[in-house]
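So the structure is just underneath, and the comments pick up after that.
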Amino acid sequence: MALAVSSSSSSAISASNLQHFAASFEVKAPRIVSVQLLNRPRGLSSGVDYSRKGCSVKPINVKSKRNDLIVSFSANTLGAEVEEKAETVDYDGLAKDFENASPLEIMDTALERFGNDIAIAFSGAEDVALIEYARLTGRPFRVFSLDTGRLNSETYKFFDTVEKHYGIHIEYMFPDAVEVQGLVRNKGLFSFYEDGHQECCRVRKVRPLRRALKGLRAWITGQRKDQSPGTRSEIPIVEVDPIFEGLDGGIGSLIKWNPVANFDSKYIWNFLRTMNVPVNSLHSQGYVSIGCDPCTRPILPGQHEREGRWWWEDSKAKECGLHKGNLKHLNGNGNGALHVNATPQVNDIFVSENLVNLNRIGIENLARLENRKEPWLVVVYAPWCQFCQAMEGSYVELAEKLAGNGVKVGKFRGDGEQKEFAKQELQLGSFPTVLFFPKHSSKAVKYPSEKRDVDSLMAFVNALR
């Protein structure tokens, strides 16, 4: 992806400028006077205590000299100005260290640590605050946005205003034209009013985001705890992304920064007004949380901001899939780990007409066959497992691609009372476990990699069928 780089030539905010900034801030917005910039990353815990599997990453440090270059998200190297430093970071500990930090300090640390391998996700609402904080650090920064093709005209005008105001180029990610065409031809332009917004959001937002993040090692979002009490009340300042994969691939390859997580809407709007930052004109028309035109409307007095999104659906879980890792999982122990011996009552996943839901008898029969009419790909999963949820989009997309191509795709829920059977008969070590049942062999082949994107899974299937 092409990327936005700030026009500022300074490598960091000087001490004199910072004092002047803090002094002027004290008059206009007393709550934002506590600003501290880092010349180096904050102290990190030496021990590593991950609550998620495969959370080791290698951040990169950027030297003070920076070039104002427009670079591609798909770039694999950073050139002579960037030095890679192997380092294992306890991001749970780092998140705790940042609990009382200012958004500016958090933004500065994020940009310093990841350089050209991090980008700001800009949605056209209050996320412009993130761009302003990035500008104030004096560091180069990158901005991308998802153009679903169904945004309000005011939002498109706002994008143009932001680019001119900051002298940057926002890189837009678009949905796959063939996928959009298939969705609209099969189900019409407004199917989401009848069967929910998830399918449309998956095509127009989630998959384009997945492509964008595959070229990064970290991303920055404008999530706040007060935005959605049902899904965002416990988001950390920084975390290993539990859903998406980064440049190196696999779980743990992407870091997610939420600099304004601990700050409410009032604080953000005070900051925007104080800094005279341009905002979307829809805000003055009663819109607070702004998404696609057909799925967003103004809110009434007393309504929560998320009530204006997908208003025809359950108000407890207003998420489109971009931040699916926020969704609460029953039987959590407080640090993200789950009791795998439990069978939580949660919504099923891998729901698709192209997927066969196998019960115990079905998977036993499949495993016994020595001469199958066609090969099978089966995921052994638990719907509450965050790693299973993380691969849901890829697996469903793979099932769509394999439909009618001589490979059956199925799923088997292997938690609860089925867990011992899955361990003994289905090679289950951890969720998810992906198995390929060849056409002329009784022995299933276990997928050996933690890379669960469509291309990697397809390569596995093609190598064996």
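Suppose the filter is modelled with pLDDT under 90 and more than 19 Å from ILE243 (Cβ to Cβ); does LYS373 pass it?
Answer is yes for this residue.
Can you name the helices (runs of 4 or more DSSP H) wholly within the range 188-304 that have at least 2 residues being among the acidic types (Asp, Glu)?
Working: elements: 192-195, 198-201, 207-213, 265-274.
Correct list: 192-195.
For the range 132-162: of the residues being more than 18 Å from CYS295 (Cβ to Cβ) and without any contact (Cβ under 8 Å) to a residue 40 or more places away in the chain, which is surrounded by the fewest Cβ atoms within 10 Å (Cβ to Cβ)?
Taking the range 132-162 as the starting set, the residues that turn out to be more than 18 Å from CYS295 (Cβ to Cβ) are 132-144, 157, 159-162.
Narrowing the set further to residues that are without any contact (Cβ under 8 Å) to a residue 40 or more places away in the chain leaves 159-160.
On the way: PHE159: 18, ASP160: 10.
Checking each candidate, the answer is ASP160.
Name the residue, out of ILE106, ILE131, ILE168, ILE118, that is within 17 Å of the chain's Cα centre (by Cα) and either farther than 27 Å from GLY286 by Cα or of a type outside the set (Asp, Glu) (or both).
Details: ILE106 fails: within 17 Å of the chain's Cα centre (by Cα); ILE131 fails: within 17 Å of the chain's Cα centre (by Cα); ILE168 fails: within 17 Å of the chain's Cα centre (by Cα).
Within the list ILE106, ILE131, ILE168, ILE118, the selection yields ILE118.
Read through the list (1) in a strand (DSSP E or B); (2) within 30 Å of GLU353 (Cβ to Cβ), then give the number of the only condition that ILE120 fails.
(2)
For residues that are among the β-branched types (Val, Ile, Thr) and touching a strand residue (DSSP E or B) at 6+ places or on another chain (Cβ under 9 Å), scanning just the range 352-382, find the one that is surrounded by the fewest Cβ atoms within 10 Å (Cβ to Cβ). Outline the logic, then answer.
Here is the first cut: in the range 352-382, the residues among the β-branched types (Val, Ile, Thr) are 356, 361, 363, 378-380.
Narrowing further to those that are touching a strand residue (DSSP E or B) at 6+ places or on another chain (Cβ under 9 Å): 356, 363, 378-380.
Values: VAL356: 16, ILE363: 26, VAL378: 24, VAL379: 27, VAL380: 28.
The qualifying residue surrounded by the fewest Cβ atoms within 10 Å (Cβ to Cβ) is VAL356.
Does ILE268 count as at pLDDT 90 or above and within 24 Å of the chain's Cα centre (by Cα)? Before you say what the answer is, go through the steps one by one.
On the way: at pLDDT 90 or above: yes; within 24 Å of the chain's Cα centre (by Cα): yes.
So ILE268 passes the test.
The values are calculated or read from the model by the stated rules, or taken from the named source; none is laboratory data. This is a predicted model, so every value here is computed, not measured. Because the Cβ atoms are built from the backbone with ideal geometry, glycine has one as well, and the counts that use them run over all protein chains shown.
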